[in-house]
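**Student:** I'd like to ask some things about the structure below.
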Amino acid sequence: MRAFLMHPTVRRGAQILCGLIFLAAALPKIADLAAFAGSVHNFHLERVIPMAATNLLAMSIPWIELVAGLALVTGVRPRAGAIVYTVLLAVFTAGVVQAMARGLSFDCGCFGKAGAAKIGFQKLAENLGMLALGIVASVERR
Amino acid sequence: MDRWWSDGTETGPRLWQGILAIVAIGAALGMGQNVLVRRGSPKDGLAWRYEPPKLDSLESLTTTSSGGAPPAAAPAAAPAPDPMNNDPLGLGAQGTTSGLDVPDLPRPIQIQLPKVKEFFDAKAATFVDARDPDEYASGHIPGAVSLPGEQATTDPARLEKFDPQGKPIIVYCGGGTCELSMNLGFALVAAGKHRVLVFTGGWPEWSGASYPIEKGAGS
């Protein structure tokens, strides 16, 4: 199992998959930044980051996803892309967990407005799966 | 390297450079996009500094209006107490002591849980649930009308047709900043409704307080 997960081909496959996930997540958000900004505000993160900065995050995150996605898919600095992917997903997952802990229910805007997914256990499971994929994609080659 | 792509061999400084480059290029592109959008039409872009929408709260409005100068209409609408009063809560009249009258303002007003409960007990408001129909079906404030925020903003005709039966409207949703109910509140005002109240605490506060709830999809 360990050898399988460390295999270059498996890692490359995981990277391409992560890249496609990020591209699919980035494009609808870039097309409708206002909707994504609304989702970011919904997470109610004023204890973690100042509310005034949430719009800057909302406009940057989709493009960071896009650039990281391209790096992953094309294989140009894919490990950097994979680490950006993994860290972002860890942050997103933490956001989902804290929203669930406070009983909030809203569309997370994760894949834009069209793929409206409510915050909940299904979303959490999805995120954990994608997070695991990111870890496989970012391990160091020995 | 004999091929142009790699499966991720970069380590150390090269890795950090890559990570920094991805974040910096992404953030620059995102802000660049916003600059261009705002140049086209400032309304479509995002504000560089986000300011949460601030609504006056009903609580502060009612205390200031009773303490300060009364509204112009109040003297005329405050007749001598009627011995045959069959409206002890004074819901039909203005300028009463019930504290449940809502100023007729062309903007939504925020309202907190205790006041919401007063309106509920007195049946003095029409409740509007801005959440999705499936959430509405799994529990809502009794008597609330389901008017999903997203659907309603794309269908303004539905808002104009909505009849609050002469009562103030209390909009609520799933809590948090509750942009859904905030937006629906503004949309209702835009559709010509007045006396629109937004209960930002929403469903989590109401159900958390163990107040009565109702289940089912409703009509």
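No value in this document is a laboratory result; all are computed from the given coordinates. Quantities reported herein were computed from a predicted structural model and do not represent experimental measurements. Don't worry about glycine lacking a Cβ; one is built from the backbone with ideal geometry, like all the others, and counts go over all protein chains shown.
**Student:** Please compute the average number of Cβ atoms from other chains found within 10 Å of each residue's Cβ in peptide A:77-87.
**Tutor:** Counting other chains' Cβ atoms within 10 Å and averaging over A:77-87 gives 6.
**Student:** Right, something else. To test your reading of the geometry: what angle, between 0 and 90 degrees and rounded to tens, separates the Cα axis of helix A:121-138 from the longest principal axis of chain A?
**Tutor:** Helix A:121-138 sits roughly 40 degrees off the main axis of chain A.
**Student:** Can I ask one more? Over segment A:2-138, one equal point on each Cα, no solvent: what is log10 I(q)/I(0) by the Debye formula at q = 0.11, 0.16 Å⁻¹?
**Tutor:** Treating every Cα as an identical point scatterer, log10 I(q)/I(0) equals -0.39, -0.80.
**Student:** Going through the cross-link list A:LYS118/B:LYS43; B:LYS54/B:LYS117; B:LYS117/B:LYS215; A:LYS29/B:LYS215, which pairs have a Cα-Cα distance over 24 Å in this structure?
**Tutor:** Listed pairs above 24 Å: A:LYS118/B:LYS43; A:LYS29/B:LYS215.
**Student:** Also, I was wondering about something else. R0 = 35 Å: FRET efficiency of A:ALA101 with B:ASP104, Cβ-based, nearest 0.05?
**Tutor:** 0.30
**Student:** Right, another one. Compute the FRET efficiency between A:GLU46 and A:ALA3 as 1/(1 + (r/R0)^6), taking r as their Cβ-Cβ distance and R0 = 41 Å, and round to the nearest 0.05.
**Tutor:** 0.35
**Student:** What FRET efficiency comes out for B:ALA21 versus B:GLU160 if R0 is 56 angstrom and r is the Cβ-Cβ distance? Round to the nearest 0.05.
**Tutor:** 0.60
**Student:** So for segment A:2-138, averaging the separation of alpha carbon pairs under 8 Å that are six or more residues apart and normalising by length, what relative contact order in percent results?
**Tutor:** Averaging sequence separation for qualifying contacts and normalising by length gives 35 percent for segment A:2-138.
**Student:** With n ≥ 4 as the cut-off for DSSP H runs, can you work out [θ] at 222 nm for chain A, using -39500 (n - 2.57) per run divided by the number of residues, rounded to the nearest 500?
**Tutor:** -24000 deg cm²/dmol
**Student:** Also, I was wondering about something else. Provide the descending list of Cα extents for segment A:63-142 along its principal axes, expressed in whole angstroms.
**Tutor:** Sorted from largest, the Cα extents of segment A:63-142 read 43, 26, 15 Å.
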